[in-house]
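Here the structure comes first, spelled out in structure tokens, and everything after it is commentary.
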Amino acid sequence: MTRTNPRVVVVDAFAGPGRYLGGEDGSPLILLKAFLEHASRERMRAEVVYVFIEERQDRADYLSAEVAKLARPANVTVQIHRGKYQELFGPILSRLQQPGRRPVPTLAFVDPFGYSDAPMDLTGQFLQFHHCEVLIYMPLTAVAQHLSRAGQEVALNSLFGTDRWTEAIALRGNERLMFLHDLFRDQLRASGSTYVRSFEIRYGGANGYHLFFGTRNLLGLERMKEAMWKVDALTGQRYGDSTESGQLVLFQVEVDTAPLLAALKAQFGRTEFSIEEAERHTLIETAYAVSHLRRRTLAPAERRGELEATTRRQSACTYPDGTRLRFGS
Ligand SMILES: C[S@@+](CC[C@H](N)C(=O)[O-])C[C@H]1O[C@@H](n2cnc3c(N)ncnc32)[C@H](O)[C@@H]1O
């Protein structure tokens, strides 16, 4: 029996034309080039299927022409679908499943706002991702401005999957933004993404621009956090983890791990814990990546006498699997 290679799917659900007027790549081309120009591409045998969905014919056509200019290896296919995300997304993903195999790993990028004359024209249930990982761009500042406008109820119900956004109408400024942020985060969790984190992009003094990431898979969460910490801020921009409202942890080259140490102390107190429990807490409950834990957080705490190992190790300040630890005074 011949076995086909595993398949992975990358969806850009609101793809746009692929190139901005200034010539910069749009998200479909950025996603495509991330694989085509990857240093390890030759070693990646999986079949990679890109699915780009765009409602407007002119933009879909423009995107097709841009994609056609790129040389692609045989294991990369690109499908461009003209139509509405909410009608096409589910059926397309069902067709891409491989019979007898586990569900095909899928990452969907969702960027529905702006670019359009009717930015809030969303119909159909929005938070339906059929078990795939999602990255959703949400300019909450723009969404907040639409709350009290007549005729937006259907779009906002669809966006949040509930009418609880109406509670934000009575709020102002940052309080309104935080309410909408937390509502969207919680709705995304409730819709099946077990692990949800949000990343805020600050343009100068402007805030409220978020990327929400949702997954059911811990490895997916780990990879996304590692990637987010590596993004270089563009001039005039800052990025950070904003999952807990009001507690932005900025992504910086010189990582300040004091909040991670405080979170671990709050979690474990004086009780013994394993390195695996510390990793899990870091990954799921904090803004930090697992790679920030040992050398940058635990080892300095141990050198200061704030942490001790209760199991034998070959050397101090190392934390092999199975190591057990306890915070001291
Ligand atoms: C913000 S733009 C996407 C920009 C793109 N992500 C980029 O970075 O280059 C949103 C796009 O979604 C398209 N669109 C709007 N409603 C849609 C729908 N229901 N289904 C699919 N595409 C839609 C718009 O025509 C527009 O091109």
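The values are calculated or read from the model by the stated rules, or taken from the named source; none is laboratory data. Given the structure is predicted, the values throughout are model-derived calculations rather than measurements. Counting neighbours? That spans all protein chains shown, and the Cβs are built from the backbone with ideal geometry, glycine included. Surface areas here come from the heavy atoms of the whole protein model, side chains and all, with no ligands, DNA or RNA. Shrake-Rupley method; radii C 1.70, N 1.55, O 1.52, S 1.80 Å.
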field: Subset tally (residues that are at pLDDT below 90, touching a helix residue (DSSP H, G or I) at 6+ places or on another chain (Cβ under 7 Å) and not hydrophobic (A, V, I, L, M, F, W, C)) for the range 244-258
entry: 2
- prompt: Within the set of pairs 6 or more residues apart or between chains, which connect a residue that is of a type in the set (Val, Ile, Thr) inside the range 200-223 to a residue that is outside any strand (DSSP E or B) and modelled with pLDDT of 90 or more with Cβ atoms less than 8 Å apart?
  reply: Thr215/Leu221; Thr215/Met224
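Of the residues in the range 136-156, how many are outside any loop (DSSP other than H, G, I, E, B) and open to solvent by less than 20 Å² (accessible area, probe 1.4 Å)?
8
Any chance the range 13-20 includes a residue that's away from the ligand (no atom under 16 Å from the Cβ) and open to solvent by 40 Å² or more (accessible area, probe 1.4 Å)? Steps first, please.
Quick first cut of the range 13-20, residues away from the ligand (no atom under 16 Å from the Cβ) only: none.
Within the range 13-20, not a single residue is away from the ligand (no atom under 16 Å from the Cβ) and open to solvent by 40 Å² or more (accessible area, probe 1.4 Å).
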statement: Expected single match for touching a strand residue (DSSP E or B) at 6+ places or on another chain (Cβ under 6 Å) and in a loop (DSSP other than H, G, I, E, B) among Ala60, Ala15 is Ala15
task: Find the residue count for the range 210-224, including only residues that are in contact with a helix residue (DSSP H, G or I) (Cβ under 7 Å, 6 or more places away or on another chain) and either part of a strand (DSSP E or B) or within 21 Å of Asp256 (Cα to Cα) (or both).
output: 7
message: Anything in the range 196-208 that is outside any loop (DSSP other than H, G, I, E, B) and surrounded by fewer than 20 Cβ atoms within 10 Å (Cβ to Cβ)? List them, or say none.
response: Arg202, Tyr203, Ala206, Asn207
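Yes/no matrix, rows are residues, columns are (1) in contact with a Phe, Trp or Tyr (Cβ under 7 Å, 6 or more places away or on another chain); (2) assigned to a helix (DSSP H, G or I); (3) in contact (Cβ under 8 Å) with a residue 60 or more places away in the chain:
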site: Leu260; (1), (2), (3): yes, yes, no
site: Leu264; (1), (2), (3): no, yes, yes
site: Arg270; (1), (2), (3): yes, no, no
site: Glu279; (1), (2), (3): no, yes, no
site: Ala287; (1), (2), (3): no, no, yes
site: Ser291; (1), (2), (3): no, yes, yes
message: Filter the range 88-117 down to the residues that are exposed (fewer than 14 other Cβ atoms within 10 Å of the Cβ) and near the ligand (Cβ under 8 Å from one of its atoms) and list them by number.
response: Gly114, Ser116
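Quickly run through the range 23-48 and pick out the residues that are out of contact with any Phe, Trp or Tyr (no Cβ under 8 Å at 6 or more places or on another chain) and either within 12 Å of the ligand (Cβ to nearest atom) or among the polar types (S, T, N, Q) (or both). Show your work before the answer.
Step one: filter the range 23-48 for residues out of contact with any Phe, Trp or Tyr (no Cβ under 8 Å at 6 or more places or on another chain), giving 23-25, 29-30, 33-40, 42-43, 45-47.
Selection gives Glu24, Asp25, Leu29, Ile30, Ser40.
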statement: Every listed condition ((1) at pLDDT 95 or above; (2) under 30 Å from Val231 (Cα atoms); (3) out of contact with any strand residue (DSSP E or B) (no Cβ under 6 Å at 6 or more places or on another chain)) holds for Leu21 save (1)
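Can you tell me which residue within the range 118-135, out of those that are more than 11 Å from the ligand (Cβ to nearest atom) and modelled with pLDDT of 90 or more, is most open to solvent (accessible area, probe 1.4 Å)? Don't jump to the end; show me each part of the working.
Within the range 118-135, the first condition is being more than 11 Å from the ligand (Cβ to nearest atom), and the residues that meet it are 125, 127-134.
Remaining after also requiring modelled with pLDDT of 90 or more: 133-134.
Values: Glu133: 49, Val134: 0 Å².
Ranking the qualifying residues of the range 118-135, first place goes to Glu133.
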- request: All but one of (1) surrounded by fewer than 19 Cβ atoms within 10 Å (Cβ to Cβ); (2) without any contact (Cβ under 8 Å) to a residue 60 or more places away in the chain; (3) over 28 Å from Pro105 (Cβ atoms) hold for Ala227, so report the exception by its number.
  value: (3)
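Name the residue, out of Arg7, Arg82, Arg43, Arg59, that is at pLDDT below 95 and more than 23 Å from the chain's Cα centre (by Cα).
Values: Arg7 fails: more than 23 Å from the chain's Cα centre (by Cα); Arg82 fails: at pLDDT below 95; Arg59 fails: at pLDDT below 95.
Every option except Arg43 fails the conditions.
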message: Kindly evaluate Val76 against the criterion of being on the phi < 0 side of the Ramachandran plot, away from the ligand (no atom under 12 Å from the Cβ) and open to solvent by less than 50 Å² (accessible area, probe 1.4 Å).
response: yes
query: Applying the selection to the range 231-255, what residues are more than 20 Å from Tyr195 (Cα to Cα) and loosely packed, with under 12 Cβ neighbours inside 10 Å?
result: Asp232, Leu234, Thr235, Gly236, Val253, Glu254
